[in-house]
Amino acid sequence: MELSVDMRSKNEILGREDITFTVKFDAAIPSRKQVREALSSATGLPAGQIVLVRLRGGFGIRAAKGLAHAYAKVDDLKNERRYLLIRDGLAQKEEKKAEAKKAPAKK
């Protein structure tokens, strides 16, 4: 797997850096974890502060383009969408309490 950073732009308001990148691979598209680790080594940022937003590949093409948000502080991850944090393993999914269903009233 080969990763190249195409563009980096600062987003001062949200305290993050938007990173656009390209991944080239030989077999299947790499997992989110593998891409985050490769992005971490390419940018020098900790993998726990990088959230993979999008990774799109094309049919028959052994490359994928992606977008990631890199945060300066772990506390700034609260600005990110929760489902993305759960996908990347940075947050736990909240279990919903199962409500006991009541039997319908007999007539």
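Among strands (runs of 3 or more DSSP E) lying entirely in the stretch 1-82, which contain 1 or more residues that are without any contact (Cβ under 8 Å) to a residue 24 or more places away in the chain?
Here the list reads 2-11, 50-57.
Can you find even one residue in the stretch 49-57 that is surrounded by fewer than 15 Cβ atoms within 10 Å (Cβ to Cβ) and out of contact with any strand residue (DSSP E or B) (no Cβ under 9 Å at 6 or more places or on another chain)?
no
Go through the stretch 83-100 and give me each residue that's of a type outside the set (Asp, Glu), on the phi < 0 side of the Ramachandran plot and touching a residue at least 40 places away in the same chain (Cβ under 8 Å). Quick ask: steps written out before the conclusion?
Keep residues of the stretch 83-100 that are of a type outside the set (Asp, Glu), which gives 83-87, 89-93, 96-98, 100.
If we keep only those that are on the phi < 0 side of the Ramachandran plot too, we end up with 83-87, 90-93, 96-98, 100.
ARG87, LEU90 - these are the residues of the stretch 83-100 that are of a type outside the set (Asp, Glu), on the phi < 0 side of the Ramachandran plot and touching a residue at least 40 places away in the same chain (Cβ under 8 Å).
Is it the case that VAL35 is closer than 23 Å to SER4 by Cβ, among the β-branched types (Val, Ile, Thr), surrounded by 11 or more Cβ atoms within 10 Å (Cβ to Cβ) and in contact with a His (Cβ under 6 Å, 6 or more places away or on another chain)? If you could, list the steps in order and put the result at the bottom.
Numbers: closer than 23 Å to SER4 by Cβ: yes; among the β-branched types (Val, Ile, Thr): yes; surrounded by 11 or more Cβ atoms within 10 Å (Cβ to Cβ): yes; in contact with a His (Cβ under 6 Å, 6 or more places away or on another chain): no.
When the stated conditions are applied, VAL35 does not pass them.
Could you check, for the stretch 14-33, whether at least one of its residues is within 16 Å of LEU90 (Cα to Cα), out of contact with any Cys (no Cβ under 6 Å at 6 or more places or on another chain) and hydrophobic (A, V, I, L, M, F, W, C)?
Within the stretch 14-33 (the criterion being within 16 Å of LEU90 (Cα to Cα), out of contact with any Cys (no Cβ under 6 Å at 6 or more places or on another chain) and hydrophobic (A, V, I, L, M, F, W, C)), the answer is no, since none of the residues qualifies.
Just checking, which of LEU77, LEU67, LEU39 is closer than 14 Å to GLU17 by Cβ, at pLDDT below 90, among the aliphatic types (A, V, I, L, M) and under 12 Å from the mean Cα position of the chain (by Cα)? Spell out how you get there, then give the answer.
Numbers: LEU67 fails: at pLDDT below 90; LEU39 fails: at pLDDT below 90.
That would be LEU77, the only listed residue that is closer than 14 Å to GLU17 by Cβ, at pLDDT below 90, among the aliphatic types (A, V, I, L, M) and under 12 Å from the mean Cα position of the chain (by Cα).
Conditions: (1) under 18 Å from GLY15 (Cα atoms); (2) out of contact with any helix residue (DSSP H, G or I) (no Cβ under 9 Å at 6 or more places or on another chain). SER40 meets all but one. Number of the miss?
Evaluating SER40 over (1) under 18 Å from GLY15 (Cα atoms); (2) out of contact with any helix residue (DSSP H, G or I) (no Cβ under 9 Å at 6 or more places or on another chain) leaves (2) as the failure.
Can you confirm whether LYS102 is among the basic types (Lys, Arg) and within 12 Å of the chain's Cα centre (by Cα)? Can you show your working first?
Working: among the basic types (Lys, Arg): yes; within 12 Å of the chain's Cα centre (by Cα): no.
No.
The values are calculated or read from the model by the stated rules, or taken from the named source; none is laboratory data. These figures come from a predicted structure and were not determined experimentally. Cβ: placed from backbone, ideal geometry, glycine included. Neighbour counts: every protein chain shown.
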